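The values are calculated or read from the model by the stated rules, or taken from the named source; none is laboratory data. Note that the structure is a prediction, hence the values are computed from the model and not measured. Reconstructed Cβ throughout: ideal geometry from the backbone, glycine too, with neighbour counts over all protein chains shown. Note: areas computed on protein heavy atoms with side chains; ligands, DNA, RNA excluded. Shrake-Rupley method; radii C 1.70, N 1.55, O 1.52, S 1.80 Å.
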Amino acid sequence: MSKHTDAAEVLLERKGCAGVITLNRPKFLNALNLSMIRHIYPQLKNWEQDPETFLIIIKGTGGKAFCAGGDIRVISEAGKANQKIAQDFFREEYTLNNAIGSCRKPYVALIHGITMGGGVGLSVHGRFRVATEKSLFAMPETAIGLFPDVGGGYFLPRLRGKLGYFLALTGFRLKGRDVYAAGIATHFVDSEKLGMLEEDLLALKSPSKENIADVLDAYHAKSKIDQDKSFILEEHMDNINSWFSANTVEQIIENLQQDGSSFALEQLKIINKMSPTSLKITLRQLIEGSSKTLQEVFTMEYRLSQACMGGHDFYEGVRAVLIDKDQSPKWRPADLKEVTDEDLNNYFKSLGSNDLKF
């Protein structure tokens, strides 16, 4: 049973004991669009109910990316023109992310290659996430006037110490085994073994989640690449935990300035380039999200997404980074001081009947 959708941007196939989702837009680094979401969601729900389907595997084609994010340019153009897609995309994307988080069948994401934004949402909430030496993880949204959505408010504050706060505010990129060391991936496998791993999973007979874990554990144990390398941020973790435990972005910046080490000043330089509004939204999103359920986080993030669609910085960030590529966005407001608590509260307020509900 295979479903090949329009221009086959996503392939949905039953193979062996599994349902296999293949993101198939290699030219666009498998960026996620609304049509792909609308094909994946009902199929995921079908497989979840199907007694013959024992696990779900998701992967990307082309070797460069699992999924580099949501199709942000399209959303930006739609939002500018006040088209409904800017509402629908986030609503349906988060609904899919939540379905992955609550999926009763073991869900295995092969996060080989670039995995950012929307690609993180398609993987991080599933039970198993397999990184390779080519994996590249980042949540770079503060650089485009957005915030680390797709459930970032849930999983980021739950990483060890203040690592998630650091990743969210700076957009720092984790590569290879570091994606596993950070707790984003559950397993690490050499990329040349991915094909064999998939075949071994598909060949299982009526597997339990323990059987699936056993196969993944065996491949993980055999992986030799960077086996003895310590986590790239290990030497900085104590500092990160102390700098990013502040409750305001201003205090975090002051902590970095006072530290004065080259690593601290490098992070300071990066943070100073980000949208001040995005920085403040993001810190509050993570602080609030740390005690919310995944569904409560999606409801909060949907409110934030719609407020960002009605603001200035998202469109300006997309222009500067993706369209004109001049890398010099003119944020409004341009200064953290000018982003008031009242402004911030407006981003988080209920949308009433338009709220995302589960």
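Structure values in brief
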quantity	calculated
Failed criterion for Val150 (all others in (1) part of a loop (DSSP other than H, G, I, E, B); (2) open to solvent by 20 Å² or more (accessible area, probe 1.4 Å) hold)	(2)
Near pairs, Cβ below 9 angstrom, 6+ apart or cross-chain, from region 218-232 (at positive phi) to any residue that is open to solvent by less than 80 Å² (accessible area, probe 1.4 Å) and among the basic types (Lys, Arg)	Asp226/Arg177
Residues of region 162-181 classified as more than 14 Å from the chain's Cα centre (by Cα), under 29 Å from Asp214 (Cα atoms) and not in a helix (DSSP H, G or I), total	2
Of all residues in region 113-144 being β-branched (Val, Ile, Thr) and under 26 Å from Ser278 (Cα atoms), the one that is surrounded by the most Cβ atoms within 10 Å (Cβ to Cβ)	Thr115
Wholly enclosed helices (runs of 4 or more DSSP H) of region 231-298 bearing at least 1 residues at pLDDT 95 or above, farther than 18 Å from Leu159 by Cβ and of a type in the set (A, V, I, L, M, F, W, C)	249-259, 262-273, 276-289
Subset of region 198-225 (residues that are out of contact with any strand residue (DSSP E or B) (no Cβ under 7 Å at 6 or more places or on another chain), closer than 23 Å to Gly63 by Cβ and hydrophobic (A, V, I, L, M, F, W, C))	Val215, Ile225
Scan of region 316-358 for residues that are open to solvent by 30 Å² or more (accessible area, probe 1.4 Å), part of a helix (DSSP H, G or I) and within 27 Å of Arg73 (Cβ to Cβ), ordered by number	Arg319, Val321, Leu322, Ile323, Asp343, Asn346, Tyr347, Asn354
Selected residue [under 25 Å from Glu296 (Cα atoms), out of contact with any Gly (no Cβ under 8 Å at 6 or more places or on another chain) and aliphatic (A, V, I, L, M)] from Leu34, Leu44, Leu96	Leu34
Residue tally, condition farther than 22 Å from Thr53 by Cβ, more than 9 Å from the chain's Cα centre (by Cα) and assigned to a strand (DSSP E or B), over region 107-131	2
